[in-house]
Amino acid sequence: MTNNLQTLKQRHERKTFATPTLKMINSRLQYYRRVLATEPSTPKQILQHQRIKNKYDHCMKVRQLLNRAVKNLYI
């Protein structure tokens, strides 16, 4: 009766919660960049522009943290 350890998975086979999350965040960032590229003209658009800018900044911070976590995972 031998208890063999499972072989370690190769780098490309490892999955974390960060992989689908990063995909979602990158998609959001693409939308935010497109919206922020247009200059707001009305007060309502100015408010919306500011809201989306705040969301963009938040997503950039989260993406940076997730990327750092994934890189450390694969060391």
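Numerical summary
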| item | result |
| --- | --- |
| Lys pairs, region 17-73 - Cα-Cα below 21 angstrom, 8 or more residues apart or on other chains | 8 |
| Label-point gap, in nm, between Gln45 and Asp57 - each point 7 angstrom along Cα→Cβ | 2.2 nm |
| Cleavage-rule hits (chymotrypsin sites (Phe, Trp or Tyr not before Pro)) in region 19-65: DSSP loop, at most 11 neighbouring Cβ within 10 angstrom | none |
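Computed from the coordinates by the stated procedures, all read-outs in this text should not be read as laboratory data. Small disclaimer: the values here were computed from a predicted structure and weren't measured. Cβ coordinates were reconstructed from backbone atoms using ideal geometry, including for glycine residues, and neighbour counts include every protein chain displayed.
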